[in-house]
1. Which count do you get for residues in the range 8-47 that are exposed (fewer than 10 other Cβ atoms within 10 Å of the Cβ) and at pLDDT 75 or above?
2. Are any residues in the range 76-109 of a type in the set (Gly, Ala, Ser) and within 30 Å of the chain's Cα centre (by Cα), and if so, which ones?
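The values are calculated or read from the model by the stated rules, or taken from the named source; none is laboratory data. Being a predicted model, the structure only gives us computed values, none of them experimental. A quick note on method: Cβ atoms are made from the backbone with ideal geometry, for glycine too, and the neighbour counts reach across all protein chains shown.
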Amino acid sequence: MKGLKAILLPIVLLFIIVVGRIEIVLGQPSLTNTDSCICYTDAMDKKALECLVNAPKKDSLISNYGLQILNFKTIVRNQEAILGDNQKTIEDLNIDNQKINLRLVRAVRNVKLFGVGGLVVGVVGTILIVK
């Protein structure tokens, strides 16, 4: 009996060790869809660090784009004011050109009138002096 106990004792201990490990493994809950287990890999860690490094750069780019848009809006607003001023200047110059053209037409008419009139007076004066 003592020999049987000596043989069975290691077998029982080995059985307890094997079954105990299986019981521990089987006793854990299996993964389900509602599991909150997060698998975090080295690639994800690298990507997170890159995001942390690049975040200030992205923020500065966004801020810079915002300033560029604001400057563009200011330029467009100023161009509208300049175009309005140019249109007013063009209208004023057109009015001045019309006045100058009217004076030029009068001057040409006066030159023709006095030129022909002077020629007629000269011919009549010459005829009267010669007679």
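1. Quick first cut of the range 8-47, residues exposed (fewer than 10 other Cβ atoms within 10 Å of the Cβ) only: 10-11, 24-43.
Narrowing further to those that are at pLDDT 75 or above: 10-11, 41-43.
So the answer is 5.
2. 81, 84
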